[in-house]
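Encoded as structure tokens, the structure appears first; notes follow it.
The values are calculated or read from the model by the stated rules, or taken from the named source; none is laboratory data. Everything quoted here is computed from the prediction, not taken from an experiment. Ideal geometry is used to build each Cβ from the backbone, glycine not excepted, and the neighbour counts take in all protein chains shown.
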Amino acid sequence: MNGFTDRTAVVTGAAQGIGAATAVRLAAEGARVAVLDREPPKDTVEQIVAAGGQATAYVCDVTDRATVREVFATIAQELGGPHILVNNAGITRDDLFFRLSEDDWESVLSVNLTGVFHCTQAAQKYMVAQRYGRIVSLSSRSALGNRGQANYAAAKAGIQGLTATLALELGAYDITVNAVAPGYIATAMTAATAERVGMSADEHRESAAARTPLGRVGRPEEVAAVIAFLTSDDASYVSGQTLYVNGGAR
Ligand code: NDP
């Protein structure tokens, strides 16, 4: 794919799962990757460097606005750009709505939606100045509604509205803004969900696979491939979209 040479990509929540797979894929395409997470994302960086790619680890909690600004300033100074931002950091705190605590509401909104606000606002400053940017945020199929996930669904639907609006505001600067909305992807997040509902990870995946037209759950690399397309110059005329990556489920 085109558009990664001499470009800096920032991926949040990239210590594991979809974020790690995305960082690995963007590095394989030729980007310099800033790998962000709450704890030092050493494994992801080591994997990229071992494959001959360029990656640097940064500790960054996306809920902390001041830290986000500092980290993006450091990335701009050390790596240039940023040209590409993947807002991937996310958490779940599932419960039925009638007993959903304020803490679980606030923490999910804070990481999944306010974190995207913080990182995108920090990144757009550099992107507008350089008249170039590619922003992709992780929404979810749950944005359409999912029992026990009122907080998460609200945050992930919020990302779709934010994406559509930022495409309008930032398009004049050659900045595209899109979202991907995965269905069930086998990661630590879905394994934790399985545990919460009293199923093994395998049982939980099998039941999700049975509801999916492709007959299986997704892999982090399959989401990373779509993000790579949307952040490439091959997708230069795609903006304001949410692309569902869910094995054909309706
Ligand atoms: P994982 O739980 O495997 O990885 C999420 C990463 O984000 C972890 O490394 C986590 O760190 C990090 N993180 C959490 N909070 C913060 C924070 N405040 N600041 C920085 N990093 C943070 O999740 P997935 O890979 O499964 O999911 C990635 C994204 O994709 C999320 O936004 C998720 O909502 C979305 N998604 C996932 C789906 C799936 O089926 N897996 C489906 C649809 C959407 P730590 O471990 O320390 O908490």
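Which count do you get for residues in segment 35-67 that are within 14 Å of the chain's Cα centre (by Cα) and farther than 22 Å from residue 189 by Cβ?
Total satisfying the criteria: 0.
Name every residue in segment 197-250 that is in contact with a Pro (Cβ under 7 Å, 6 or more places away or on another chain) and closer than 21 Å to residue 33 by Cβ, in order of residue number. Let's see the steps before the verdict.
Narrowing segment 197-250 to residues in contact with a Pro (Cβ under 7 Å, 6 or more places away or on another chain): 218, 223, 245-249.
Residues satisfying the conditions are 223, 245.
In segment 165-186, which residue that is polar (S, T, N, Q) and in contact with a Lys or Arg (Cβ under 9 Å, 6 or more places away or on another chain) is surrounded by the most Cβ atoms within 10 Å (Cβ to Cβ)? Show your work before the answer.
Start the filter on segment 165-186 by keeping residues that are polar (S, T, N, Q), which leaves 165, 176, 178.
Applying the additional criterion that residues be in contact with a Lys or Arg (Cβ under 9 Å, 6 or more places away or on another chain) yields 176, 178.
Numbers: 176: 23, 178: 25.
Filtering first and then ranking leaves 178.
Consider segment 206-220. How many of its residues are within 11 Å of the ligand (Cβ to nearest atom) and farther than 20 Å from residue 144 by Cα? Don't jump to the end; show me each part of the working.
Applying the first criterion (within 11 Å of the ligand (Cβ to nearest atom)) to segment 206-220 yields 208, 217-220.
Next, from what is left, pick out any that are farther than 20 Å from residue 144 by Cα: 219-220.
Here the count works out to 2.
For (1) among the basic types (Lys, Arg); (2) assigned by TED's automatic domain parsing to the domain that holds residue 227; (3) not in a loop (DSSP other than H, G, I, E, B), each residue gets a yes or a no:
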site: 1; (1), (2), (3): no, no, no
site: 22; (1), (2), (3): no, yes, yes
site: 27; (1), (2), (3): no, yes, yes
site: 30; (1), (2), (3): no, yes, no
site: 35; (1), (2), (3): no, yes, yes
site: 46; (1), (2), (3): no, yes, yes
site: 58; (1), (2), (3): no, yes, yes
site: 66; (1), (2), (3): no, yes, yes
site: 70; (1), (2), (3): no, yes, yes
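Quick check on segment 1-56: of everything there that is within 10 Å of the ligand (Cβ to nearest atom), surrounded by fewer than 24 Cβ atoms within 10 Å (Cβ to Cβ) and of a type outside the set (D, E, K, R), which residue is farthest from residue 69 (Cα to Cα)?
In this case the residue turns out to be 17.
Mind checking which residues of segment 153-171 are over 21 Å from residue 229 (Cα atoms) and more than 19 Å from the chain's Cα centre (by Cα)?
Within segment 153-171, 169 is the sole residue that qualifies.
Can you go through 228, 167, 155 and tell me which one is part of a helix (DSSP H, G or I), more than 14 Å from residue 135 (Cα to Cα) and aliphatic (A, V, I, L, M)? Spell out the reasoning first.
Values: 228 fails: more than 14 Å from residue 135 (Cα to Cα); 167 fails: more than 14 Å from residue 135 (Cα to Cα).
Step by step, each of 228, 167, 155 is checked, and only 155 is part of a helix (DSSP H, G or I), more than 14 Å from residue 135 (Cα to Cα) and aliphatic (A, V, I, L, M).
When the residues of segment 137-152 are narrowed to those that are within 11 Å of the ligand (Cβ to nearest atom) and either within 16 Å of the chain's Cα centre (by Cα) or within 21 Å of residue 240 (Cβ to Cβ) (or both), which ends up surrounded by the most Cβ atoms within 10 Å (Cβ to Cβ)?
Within segment 137-152, the subset within 11 Å of the ligand (Cβ to nearest atom) is 137-143, 146, 149, 152.
Now narrow it down to the ones that are either within 16 Å of the chain's Cα centre (by Cα) or within 21 Å of residue 240 (Cβ to Cβ) (or both): 137-143, 152.
Working: 137: 30, 138: 24, 139: 28, 140: 28, 141: 20, 142: 22, 143: 22, 152: 24.
Only one residue tops the list, namely 137.
List pairs: first in segment 113-126 and over 12 Å from residue 11 (Cα atoms), second part of a helix (DSSP H, G or I) and not aliphatic (A, V, I, L, M), Cβ under 7 Å, 6+ apart or cross-chain?
Once the first residue is over 12 Å from residue 11 (Cα atoms) and sits in segment 113-126, its partners that are part of a helix (DSSP H, G or I) and not aliphatic (A, V, I, L, M) give 113/158; 118/65; 122/69; 122/72.
Restricting attention to segment 211-230, report how many residues are touching a helix residue (DSSP H, G or I) at 6+ places or on another chain (Cβ under 7 Å) and closer than 13 Å to residue 137 by Cα. Walk me through it before giving the result.
Taking segment 211-230 and keeping what is touching a helix residue (DSSP H, G or I) at 6+ places or on another chain (Cβ under 7 Å), we get 215-217, 220-221, 223-225, 227-229.
Next, from what is left, pick out any that are closer than 13 Å to residue 137 by Cα: 223-224, 227-228.
Counting residues in segment 211-230 that are touching a helix residue (DSSP H, G or I) at 6+ places or on another chain (Cβ under 7 Å) and closer than 13 Å to residue 137 by Cα gives 4.
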